[in-house]
Amino acid sequence: VDKSVQVKLVLLGEAAVGKSSIVLRFVSNDFQANKEPTIGAAFLTQKCRLEDRVLRYEIWDTAGQERFHSLAPMYYRNAQAAVVVYDVTKAASLEKAKSWVKELQRQANPNIVIALAGNKVDLVTPSSSAAPPTPSPDGDDEPDDATATPGETPSAVAEVESLRQVPRDEAQAYATEAGLLFFETSAKTGEGVVEVFTEIAKKIPIE
Ligand code: GTP
Ligand code: MG
């Protein structure tokens, strides 16, 4: 018996924040460094397995370019879930995300589950070698790979950190106030991507 429930999910957000890349990571566990902009929208499906059930996401990946804005209601109408994406290295993209959230809260299904995703977090995460030393969790006395390497100078770390334009705390506070799930993600490394879809799935009511 196929117990899987269909869940219609829409992705919204400014152009080039990484909506299609998040979907590509979730559906194919893949990443393309030079992904072409979406025209209109793309449709993909992917199963999502929880402990007690399986959902089948029907994903509408919309185009972020402004000229496609008027198409969006077709895709979020009847959607049970939305992922609103911004780019942690671009403050203006969070403002755009907030305006999408407002539009969804006014015009979409009142029970829609909305997640806010701050993408491209790989661009602002110093490599583990640059993090302050911590006791090695494997308990051995061997130096782990993730110790200082040439080139990981403090100034390189500062440079990486300075790319961040949206502090995590600020976005988290906004998400909490607006009643959204919140994640930082990287379609490039995969960080946080599956979590977005599984945490949404857990909030979809069982019918
Ligand atoms: P539109 O379809 O125009 O709305 O754009 P989009 O939001 O679908 O963005 P897309 O997935 O096409 O990604 C835009 C660019 O950002 C591509 O060159 C991606 O390779 C890159 N990109 C996407 N996600 C990430 C990420 O997590 N990290 C990094 N470093 N680059 C990313
Ligand atoms: Mg796209």
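Here, each number is a calculation from the coordinates, and none is a lab measurement. Bear in mind the structure is a predicted one, so any value in this text is a computation, not a measurement. Cβ: placed from backbone, ideal geometry, glycine included. Neighbour counts: every protein chain shown.
Annotations for the structure displayed:
- Applying the criteria of a DSSP loop state and at most 11 other Cβ atoms within 10 Å to the GluC sites (Glu not before Pro) of the range 16-71 yields Glu51.
- Of interest is the spacing of the C-alpha centroids, which for the range 23-64 and the range 74-122 amounts to 15 Å.
- Arg49/Leu163 FRET efficiency (R0 45 Å; Cβ-Cβ; nearest 0.05): 0.80
- For Lys202, a cut-off of 16 angstrom between C-alpha atoms picks up these lysines, skipping any fewer than 8 places away in its own chain: Lys3, Lys8, Lys47.
- Each of the peptides 17-28, 37-48 was scored by the mean count of other Cβ atoms within 10 Å over its residues; in descending order, highest first, they stand as 17-28, 37-48.
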